[in-house]
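One structure is given here, and the rest of the page talks about it.
The values are calculated or read from the model by the stated rules, or taken from the named source; none is laboratory data. A quick note: this is a predicted structure, and the numbers were derived from the prediction, not measured. Glycine also receives a Cβ, built like all others from the backbone with ideal geometry; neighbour counts cover every protein chain displayed.
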Amino acid sequence: MPARLFLSSGDLMADRRFEFARDLQLKGDLPAAADLLLQAIELAPNFTTAWFTLGQIREELGERDAAIAAFRNAHAADPDDRQGASLRLMRLRAAPLAGMPLGYVQALFDQYAPRFESALVDDLGYRGPQLLFRAVLSVRAAARKPAFFKRAIDLGCGTGLAAAAFAGNVDRFIGIDLSPRMIERARSTGFYAEFEVADMVRGLRTRPDASADLILAADAMVYVADLSAVLTEAKRVLTAGGLLAFTTETHAGEGVIIGEGLRYAHAASYVRAAVEAAGLKLSLLEDRSARNEDNIPVPGLVAVASKT
Ligand SMILES: C[S@@+](CC[C@H](N)C(=O)[O-])C[C@H]1O[C@@H](n2cnc3c(N)ncnc32)[C@H](O)[C@@H]1O
């Protein structure tokens, strides 16, 4: 995972206390680290990163109520919630499941961009783009249609791995992503004709009706809780016969949950119902894992939906 985000308090003394607290936290002296964080917060009451770290320590110490209070303060101190305190509150069941703060996703991936490919591909055995490629080929083969596409949109394009997998089969790629730093990397691949730094739903909304014959989302729906808006927009933007292919993480229950890794997992029944509700036809839904965690495949799905 990316290095933790540090948002300076703007007060040198408070930042120093925070650094000492982090040292103590890393050495395992959690109560002493918590004391120092409280001192830092006394100097800088809106010190988001100190509140957030305090929340993590309280949680580790089994002090649930104090953890919730600290995460709430972290969120209040930074309305963009770049640390993702609201996600911690969802995990602690202190807040209902909701969308991911866009400021958090952007900060996470801007920070992650330089190490993204080595971390994901080498360390986590990432294979999302290849899974999508095979799934799209198989849907096209079953329909006895060629797997060549004039205009494709890559949602959450990241550094461009999905476009690389489809490069021989797509004439023109548009990349949409929230993270300017990820897009910088994607730009250097030369696979894309156009980019948009935007949330994927907003990015799709700027596209004309029936303007793409393929839409991809490789390991991007894991940052979207409710898939209905993106599926509805994808349907509008697809040409008749066009395909939307995406991966998700999944779980054995019903609906959508947020996992330990702070990514959403969508049940297969949820994906089926959401695709149908958007007016698309589910052409393929398979259990396929796009990445490992601790060398174990994370349960996942590959879906291909068609516009009829
Ligand atoms: C795990 S990366 C995957 C990148 C790429 N698709 C791949 O297969 O390597 C997830 C990407 O989705 C982007 N992302 C997450 N939520 C998004 C959203 N709501 N709108 C646009 N991009 C989003 C992130 O910024 C990140 O670049």
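Okay, residues lined up against (1) more than 14 Å from the ligand (Cβ to nearest atom); (2) over 21 Å from Met200 (Cα atoms); (3) at pLDDT 95 or above; (4) in a loop (DSSP other than H, G, I, E, B):
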site	(1), (2), (3), (4)
Ala107	no, no, no, no
Phe116	no, no, no, no
Val121	no, yes, no, no
Pro129	no, no, yes, no
Leu137	yes, yes, yes, no
Arg140	yes, yes, yes, no
Lys145	yes, yes, yes, yes
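Could you tell me whether region 92-105 includes any residue that is surrounded by 22 or more Cβ atoms within 10 Å (Cβ to Cβ) and under 21 Å from Thr159 (Cα atoms)? Taking every residue of region 92-105 in turn, at least one turns out to be surrounded by 22 or more Cβ atoms within 10 Å (Cβ to Cβ) and under 21 Å from Thr159 (Cα atoms). Within region 286-308, take every residue that is polar (S, T, N, Q) and in contact with a helix residue (DSSP H, G or I) (Cβ under 8 Å, 6 or more places away or on another chain) and give me the one that is farthest from Ala210 (Cα to Cα). It comes out as Asn292.
A Cβ distance below 8 Å, combined with a sequence gap of six or more or placement on separate chains, defines the contacts here; from region 191-202, residues that are free of Cβ contacts under 8 Å to residues at least 60 places away in the same chain reach residues that are more than 7 Å from the ligand (Cβ to nearest atom) and assigned to a loop (DSSP other than H, G, I, E, B) in the pairs Phe191/Gly160; Tyr192/Gly160; Glu196/Thr206; Ala198/Thr206. One residue is enough: does region 270-285 have a residue meeting the conditions hydrophobic (A, V, I, L, M, F, W, C), in contact with a helix residue (DSSP H, G or I) (Cβ under 9 Å, 6 or more places away or on another chain) and more than 25 Å from Phe166 (Cβ to Cβ)? Yes: region 270-285 contains one or more residues that are hydrophobic (A, V, I, L, M, F, W, C), in contact with a helix residue (DSSP H, G or I) (Cβ under 9 Å, 6 or more places away or on another chain) and more than 25 Å from Phe166 (Cβ to Cβ). Check whether at least one residue in region 157-165 is in a helix (DSSP H, G or I), in contact with an Asp or Glu (Cβ under 6 Å, 6 or more places away or on another chain) and among the hydrophobic types (A, V, I, L, M, F, W, C), and report yes or no. Looking through region 157-165, at least one residue is in a helix (DSSP H, G or I), in contact with an Asp or Glu (Cβ under 6 Å, 6 or more places away or on another chain) and among the hydrophobic types (A, V, I, L, M, F, W, C). Summed over region 192-247, the residues that are part of a strand (DSSP E or B), more than 11 Å from the ligand (Cβ to nearest atom) and under 23 Å from Pro180 (Cβ atoms) give a count of 4. The condition (being more than 22 Å from Leu227 (Cβ to Cβ), surrounded by fewer than 23 Cβ atoms within 10 Å (Cβ to Cβ) and touching a Ser or Thr at 6+ places or on another chain (Cβ under 7 Å)) is satisfied by just one residue among Asp110, Asp122: Asp110.
Restricting the first member to region 108-134 and to residues that are under 15 Å from Thr189 (Cβ atoms), and the second to residues that are of a type in the set (Val, Ile, Thr) and within 11 Å of the ligand (Cβ to nearest atom), the beta-carbon pairs closer than 6 Å and six or more apart or on different chains are Phe116/Thr159; Glu117/Thr159. For Glu293, the conditions (1) modelled with pLDDT under 95; (2) under 18 Å from Gly99 (Cα atoms) are fulfilled apart from (2). Among residues of region 166-186 being of a type in the set (A, V, I, L, M) and under 10 Å from Ala152 (Cα atoms), the one that is farthest from the ligand (Cβ to nearest atom) is Val170. Checked against the criterion of being modelled with pLDDT of 95 or more and under 20 Å from the mean Cα position of the chain (by Cα), the candidates Thr206, Thr232 yield just one match: Thr232.
Step by step: first the residues of region 53-103, then only those that are under 22 Å from Glu19 (Cα atoms) and within 15 Å of the ligand (Cβ to nearest atom), then the one that is nearest to the chain's Cα centre (by Cα). Which residue is that? Among those residues, the one meeting the criterion is Gly84. When each of Thr248, Thr232 is tested for being under 17 Å from Val136 (Cβ atoms) and either buried (at least 21 other Cβ atoms within 10 Å of the Cβ) or in contact (Cβ under 8 Å) with a residue 12 or more places away in the chain (or both), the lone residue that passes is Thr248.
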